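Note sheet for the following structure.
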Amino acid sequence: MTGKAITVTSGKGGVGKTTVTANLGAALANFGHKVVCIDADIGLRNLDVVLGLENRIVYDLVDIVEGRCRLRQAMIRDKRLPELFLIPAAQTRDKSAISPSDMVTLADDLRAEFDYILFDSPAGIERGFRNAVAPADMVLVVTNPEVSAVRDADRIIGLVEAEEKGPARLVINRIKPEMVRRGDMLGVDDILELLAVQLVGLVPDDENVLLSTNRGLPVVLDGKSKAGLAFRNIARRVMGEEVPFMHFDETGGFLNRITRLIRPGGN
Amino acid sequence: MSSKIQIKGIRDGLLITLGDGTWEEQHQELITQLRSQAGFLQGARLAIDVGGSILKAADLGQLTRELSEAGFTLFALISESPTTERSAQSFGLATRLPKPGAARTVAGSTEPDGEPALLVSRTLRSGYNLQYQGHVVVIGDVNPGAQVIARGDVIVWGKLRGMVHAGAEGDEGAIVCALDLSPTQLRIASAIAVTPKRRGKPQPEMARLVKGQVVAEVWDPKRERL
Ligand SMILES: Nc1ncnc2c1ncn2[C@@H]1O[C@H](COP(=O)(O)OP(=O)(O)O)[C@@H](O)[C@H]1O
Ligand SMILES: [Mg+2]
């Protein structure tokens, strides 16, 4: 058995990469898979905070790469989800401390033991992006339904193709049905038409995300929140299930309904 | 597992048809076969039929590397899966074999007042900057944030929403055609125009300069071009 490496990235910052990584990790672990989340946003670590594991950090990713600790020593096990582990980012170093081949080696070392190896990446298209994408078997690009985020997502999708890691999959995060309805926000169809990649997630804007981040408990573990359901659905699609997309209806509520949103990926 | 691989000679080399199974199984078997018959097959040009298996660009990258290290040349990859076909195309591999007999070779070329052009068969995404000393034909979309700058004409068989500059070195006779002509900005020679909001459904349009102004008209095959 060999684990699958999945990198979560975006062009624009603040669109929800860390939130997606933490919740996808927690959901996959909750479905019984063994998962390790790796924070590759070096210098700006926060995956540990979202997962509520900050106070248990001793070693970090750079310590592993530079041989100051063994892989095991840097892995923090989530007490609520015993199948979920975190390798935190270094707080005090920058991205140049790590190379793409370090990341490939790290992923390969983890594949035998884990079902899923998730990488959270920094925003942008520089070294940090290449580090995070290098080990990926699958790349998830996160965007928000706004013009500038979609433009940057398009750029990143092109770069993912250029790194031969394509076709990328898309997560549209922070959808506000009200605003889409009023025409103040790009609709899902418009985004998919432009980006022409396969959709794996539609996540509504949900204040529970913020509340749960503050509590250090991924929202996906909250059985009732809409965002939590959306993240569980992403996990199931990543696991290979066909799950219908949430339909954001006229009244701003949502129903589960089959829509024709999946498009073939690629050029 | 018994071998289900078939190898037969075709005009351009050898056609290897893999048995059913996942790509991992097929790959394993292929490598074993090629190894065991290395002496006999050495240096062959290979076309491989993988059936319905899905190969990602990375799988194909690995395969072409392995094959070339073993002294083989892969020239075609045949598959029923569109994903695999796309991966193969991105590696410049053929995805169809010429039918025996039906194939014909193009003898030299006849050029009835034609000019060479650059053909780009992919979507140009944001950040992509294409510059060419001649005409450019894009089969795919030109997305917002992408840019095409050509000395000659620009033809987009798709949606043109990025920035395009035709006749970039001053040719005022240059044109821009697209199935959906909605560029962020369109330039011909030294004239600059932006796209007004479209009314109704997109139609193929052609833009050119008329008295120094950029004018776009719905494509009418019957009308004589200036
Ligand atoms: N679906 C959502 N609904 C509401 N807030 C969200 C959602 N997704 C992310 N956020 C908030 O947006 C902010 C940025 O998210 P984060 O995951 O840190 O982005 P990134 O890692 O891309 O910089 C955080 O405050 C987070 O709580
Ligand atoms: Mg982040």
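Summary table below
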{"read-out": "Residue that is away from ligand 1 (no atom under 11 Å from the Cβ), within 15 Å of the chain's Cα centre (by Cα) and surrounded by fewer than 19 Cβ atoms within 10 Å (Cβ to Cβ), where the choices are A:K34, A:K4", "value": "A:K4"}
{"read-out": "Flag if A:N55 is of a type outside the set (G, A, S), within 16 Å of ligand 1 (Cβ to nearest atom) and not in a strand (DSSP E or B)", "value": "no"}
{"read-out": "Residues (free of Cβ contacts under 8 Å to residues at least 24 places away in the same chain and of a type in the set (D, E, K, R)) located in the stretch B:125-179", "value": "B:R125, B:D141, B:R151, B:R161, B:E169, B:D171"}
{"read-out": "Among residues of the stretch A:71-82, those that are in a loop (DSSP other than H, G, I, E, B) and out of contact with any strand residue (DSSP E or B) (no Cβ under 6 Å at 6 or more places or on another chain), counted", "value": "4"}
{"read-out": "Listing of helices (runs of 4 or more DSSP H) fully contained in the stretch A:125-189 that carry 2 or more residues being within 14 Å of chain B (Cβ to nearest Cβ)", "value": "A:127-133, A:147-162"}
{"read-out": "Residue list for the stretch A:217-249, filter: of a type in the set (S, T, N, Q) and modelled with pLDDT of 95 or more", "value": "A:N233"}
{"read-out": "Residue ID - farthest from the other protein chains (Cβ to nearest Cβ), chosen from residues in the stretch A:28-50 that are within 16 Å of ligand 2 (Cβ to nearest atom) and in a strand (DSSP E or B)", "value": "A:D39"}
{"read-out": "Test set (1) within 14 Å of another protein chain (Cβ to nearest Cβ); (2) part of a loop (DSSP other than H, G, I, E, B) - B:D59 fails condition number", "value": "(2)"}
{"read-out": "Count - residues of the stretch A:190-224 that are more than 16 Å from ligand 1 (Cβ to nearest atom) and within 14 Å of chain B (Cβ to nearest Cβ)", "value": "8"}
{"read-out": "Members of the stretch A:101-131 found to be among the hydrophobic types (A, V, I, L, M, F, W, C) and out of contact with any strand residue (DSSP E or B) (no Cβ under 7 Å at 6 or more places or on another chain), listed by number", "value": "A:M103, A:V104, A:L106, A:A112, A:A123, A:I125"}
{"read-out": "Residues of the stretch A:217-226 satisfying the condition of being assigned to a helix (DSSP H, G or I) and over 21 Å from A:L53 (Cα atoms)", "value": "A:K226"}
{"read-out": "Residues of the stretch A:92-122 that turn out to be in a loop (DSSP other than H, G, I, E, B) and surrounded by 15 or more Cβ atoms within 10 Å (Cβ to Cβ), as a count", "value": "8"}
{"read-out": "Filter result for A:A22 (more than 16 Å from ligand 2 (Cβ to nearest atom) and within 12 Å of the chain's Cα centre (by Cα))", "value": "no"}
{"read-out": "Any hit, the stretch B:68-82, residues being outside any loop (DSSP other than H, G, I, E, B), farther than 21 Å from B:I10 by Cα and more than 14 Å from every other protein chain (Cβ to nearest Cβ)", "value": "yes"}
{"read-out": "Test for A:R68: is it farther than 25 Å from A:V200 by Cβ, away from ligand 1 (no atom under 14 Å from the Cβ) and not in a loop (DSSP other than H, G, I, E, B)", "value": "no"}
{"read-out": "Only one of A:A162, A:A136, A:A168 that is among the hydrophobic types (A, V, I, L, M, F, W, C), at pLDDT below 95 and more than 14 Å from ligand 1 (Cβ to nearest atom)", "value": "A:A162"}
{"read-out": "Which listed residue is of a type in the set (G, A, S), within 14 Å of another protein chain (Cβ to nearest Cβ) and within 13 Å of ligand 1 (Cβ to nearest atom), from A:G25, A:G11", "value": "A:G11"}
{"read-out": "Those residues of the stretch A:55-77 which are within 24 Å of the chain's Cα centre (by Cα), under 21 Å from A:S99 (Cα atoms) and surrounded by 13 or more Cβ atoms within 10 Å (Cβ to Cβ), in sequence order", "value": "A:Y59, A:D60, A:L61, A:V62, A:D63, A:I64, A:V65, A:L71, A:A74, A:M75"}
{"read-out": "Residue within the stretch B:27-50 that is out of contact with any Ser or Thr (no Cβ under 9 Å at 6 or more places or on another chain) and either hydroxyl-bearing (S, T, Y) or not assigned by TED's automatic domain parsing to the domain that holds B:I10 (or both) present", "value": "yes"}
{"read-out": "B:L118 vs. criteria assigned to a strand (DSSP E or B), surrounded by fewer than 21 Cβ atoms within 10 Å (Cβ to Cβ) and within 14 Å of another protein chain (Cβ to nearest Cβ)", "value": "no"}
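Every residue, every condition in (1) outside any loop (DSSP other than H, G, I, E, B); (2) modelled with pLDDT of 95 or more, yes or no:
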position	(1), (2)
B:Q131	yes, no
B:V137	yes, yes
B:G145	no, no
B:I155	yes, yes
B:D171	no, yes
B:R199	no, no
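The values are calculated or read from the model by the stated rules, or taken from the named source; none is laboratory data. Predicted, not measured: the structure shown is a model, and the values here were computed from it. Please note: Cβ atoms are built from the backbone with ideal geometry, for glycine as well, and neighbour counts cover all protein chains shown.
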